[in-house]
Amino acid sequence: MSLPVALALEMFHTYSLIHDDLPTMDDADLRRGHKTLHKRYDEVTAILAGDALNTEAFLVIAKAPLREDVKIKLVMLLAEGGGASGMVLGQAIDCYFENQPLSLEQVKTLHKNKTAKLIAVSLQMGAVIVGLDTKTQKSLYAFGIDLGLLFQIQDDIIDETQSEEEAGKPTQNDTDKNSFVNLLGLEKTVEEADTLAKDLQRRFDTFDEKLRTALQPLITQYLYRHTKD
């Protein structure tokens with residue numbers, strides 16, 4: 001039952017990456033070690049492919065073998081996390097304030113919207129599908145917000161410390177951006193990441209056994225990825 005929804009989330013996420021790489025945004029040539037879509041084909045193809053993935057994601061949810069009220073809730077959550085009050089807002093802040101220094105709290109607001117809300121919503125959507133209570137849904141959403149923030153902090157560390165070949169995408173590319181490294185310096189950014197990772201581990205340990213088992217691969221992969229050789 002959850003597979004179509006997971007597919008829809010991947011489609012929506014892929015749309016966001018395609019558009020994020022466009023010349024008018026990050027102007028990236030590589031994504032995960034491969035040419036970005038506008039480089040492999042052209043800009044028009046990339047824009048239209050992103051648009052198609054965006055709308056198809058909601059169609060896939062609408063066709064999922066779930067109760068109608070559950071599907072409506074899932075569509076609402078994805079639209080909130082990925083739209084004007086979430087990811088799109090974060091992308092707008094990122095683009096329009098690229099050359100204007102922001103405070104630490106403002107940078108966190110940027111990345112909570114651009115990156116973290118989609119991660120948080122994906123955890124909440126899973127909770128909705130399996131019928132977890134509202135309190136657990138809120139806990140998972142809050143956990144996802146901080147996990148997404150950690151992911152972005154780690155990304156800034158990787159951009160500063162890894163080569164293009166190691167990262168599978170352009171690095172040393174955040175000079176004009178409101179990155180955590182530019183704001184805090186590398187050492188303080190690593191400290192920030194480690195503090196947040198430890199807090200997330202503590203909160204993860206309070207979840208019930210079934211939830212911990214389901215989320216363990218996510219935790220293993222992402223909690224300390226900036227420390228890997």
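Laboratory data are not the source of any read-out in this text; all were calculated from the coordinates shown. Note that the structure is predicted; figures quoted are calculated from it, not measured. Here Cβ is always computed from backbone atoms with ideal geometry, including for glycine, and neighbour counts include all displayed protein chains.
Fewest to most neighbouring Cβ within 10 Å: what's the order for ARG212, ARG32?
Going from least to most buried by this count: ARG32, ARG212.
Taking only DSSP H segments of four or more residues, each worth -39500 (n - 2.57), what value at 222 nm results for the chain once the sum is divided by all its residues, to the nearest 500 deg cm²/dmol?
Values: 12 runs with 158 residues, N = 229.
Calculated mean residue ellipticity at 222 nm is -22000 deg cm²/dmol.
Does the range 42-86 come out rounded, prolate or oblate, given a ≥ b ≥ c as the square roots of the eigenvalues of its C-alpha gyration tensor, rounded meaning a/c under 1.5 and, failing that, prolate meaning a/b above b/c? If you can, show how the numbers build up before the last one.
Values: a/c = 5.72, a/b = 1.75, b/c = 3.26.
In terms of gyration-tensor shape, oblate.
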Under 26 Å Cα to Cα from LYS73, which lysines show up? Leave out anything in the same chain fewer than 8 places away.
LYS63, LYS112, LYS114, LYS117, LYS135, LYS138, LYS210
Label point distance in nm, GLU56-ASP69, each placed 7 Å from Cα along Cα→Cβ:
3.2 nm
Can you order the peptides 89-95, 198-204, 146-152, 120-126 by their average number of other Cβ atoms within 10 Å per residue, highest first?
120-126, 146-152, 89-95, 198-204
Quick one: divide the alpha-carbon radius of gyration of the range 66-171 by 2.2 N^0.38 Å and tell me what you get.
1.22
I need the P(r) histogram for the range 1-135: all alpha carbon pairs, bin width 10 Å from 0 out to the longest distance, whole percents.
12, 38, 33, 15, 2
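Averaging over every viewing direction, what projected area does the convex hull of the Cα atoms of the chain cover, in nm²? Walk me through the numbers before you get to the answer.
Numbers: hull surface 49.7 nm².
The number I arrive at for the chain is 12.4 nm².
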GNM on the chain, C-alpha springs below 10 Å: top fluctuator among PRO217, PRO101, PRO23?
PRO217
List the DSSP H helices in the chain whose Cα atoms stretch 15 Å or more along the helix axis and whose mean Kyte-Doolittle hydropathy is at least -1.0.
3-20, 43-62, 68-82, 117-129, 134-161, 186-204, 209-222
If you take the Cα atoms of the range 98-150, find Rg, then find the Kirkwood Rh from the mean of 1/r over all pairs, what is Rg/Rh?
1.13
Per-selection Kirkwood Rh - the range 1-65 (Cα, Å, 1 d.p.):
12.2 Å
